[in-house]
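Here's the structure we're looking at; comments come further down.
Each reported figure results from applying straightforward, stated rules to the coordinates on display, with no laboratory input. Being a predicted model, the structure only gives us computed values, none of them experimental. Cβ sites come from the backbone with ideal geometry, for glycine too, and all protein chains shown count toward neighbours.
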Ligand SMILES: [Zn+2]
């Protein structure tokens with residue numbers, strides 16, 4: 001029965017089973033918004049808006065902490081993978097490659113023994129890669145399945161942000177901030193753990209202009225959406241500026257302490273909205289272009305389940 005209830009969450013054209021709360025913009029505190037989409041990639045009803053004052057994208061109403069926890073407990077793994085326990089092969093191949101790229105980025109500024117925190121470390125590939133480079137690696141991962149897998153490899157993983165750790169030379173967070181209800185509060189907590197000259201790496205999906213259907217770019221677990229401009233504004237609000245020593249690649253960026261004091265750009269919201277393709281799910285379905293993408297996604301999920 002439990003499994004049936006879980007599957008019912010995937011029935012298209014129906015709203016998600018949550019009430020949520022109206023919330024002000026997490027970065028600038030404004031309440032005015034423009035609409036972005038009424039559906040998400042599962043073609044379920046989900047309302048997404050952009051802040052009129054600063055361009056930050058958010059789910060509206062915002063799911064409560066308890067509702068998000070419930071979603072992760074019952075739907076998230078099923079939504080992302082058919083696999084049972086442990087990370088699927090595709091996940092590991094992708095995250096190991098990303099871990100090497102991220103470590104290469106920091107290699108010029110981190111000496112052996114440097115302290116590095118990975119916030120949202122998942123199954124721990126970046127922790128392992130940093131360990132191979134003789135950095136002291138600490139991870140934070142609230143998802144018990146992945147945290148347990150990483151601990152099984154001998155990696156140091158907390159389930160929540162450690163309060164009493166020594167400060168870090170580098171803090172990284174790869175595709176985590178789009179999941180957070182309070183990205184600014186979390187970023188401030190991370191900055192408090194950063195050494196004065198430390199660097200902080202943020203990577204999130206880039207929600208800038210794209211021809212993809214708007215609904216196909218949105219997901220219940222992604223309660224905030226960023227463009228390079230809003231990621232920089234978030235960082236500035238937490239006392240960080242872009243670190244000119246590192247290349248900026250869209251919404252992958254490295255910051256360090258400074259007072260660049262960015263201001264919200266009131267023209268951004270309209271550009272954000274215009275960058276979303278408003279094609280309706282029905283028009284998209286009738287157009288048939290989704291068949292290839294769905295086939296490839298299914299094939300990949302089945303392959304992950306069979307070859308582990
Ligand atoms: Zn705002």
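For the pair residue 160 and residue 188, the difference between a 0.36 nm per residue extended length and the Cα-Cα distance amounts to 8.6 nm.
Taking every DSSP bridge with both residues inside region 2-306, close to 50 percent are antiparallel. Place a point 7 Å from the Cα of residue 22 along the Cα-to-Cβ direction; which residues of region 44-75 have their backbone N under 13 Å from it? Those under the cut-off are 60-62.
Summed over qualifying helices (DSSP H, 4 residues or more, each -39500 (n - 2.57)) and divided by its residue number, the chain shows a 222 nm mean residue ellipticity of -9500 deg cm²/dmol.
Percent of C-alpha pairs per 10 Å bin in region 131-188, short distances first: 18, 51, 29, 2. Across region 134-174, the residues whose backbone nitrogen lies under 13 Å from the label position 7 Å along the beta-carbon direction of residue 72 are 140-148, 158-161. Size check on the chain: the Cα extents along the three principal axes, sorted descending, read 56, 49, 33 Å. Annotation: Cα Rg of region 169-252 relative to the compact-globule expectation 2.2 N^0.38 Å equals 1.12. With 0.36 nm allotted per residue and the present C-alpha distance subtracted, the residue 286-residue 98 stretch has 64.0 nm of extension available.
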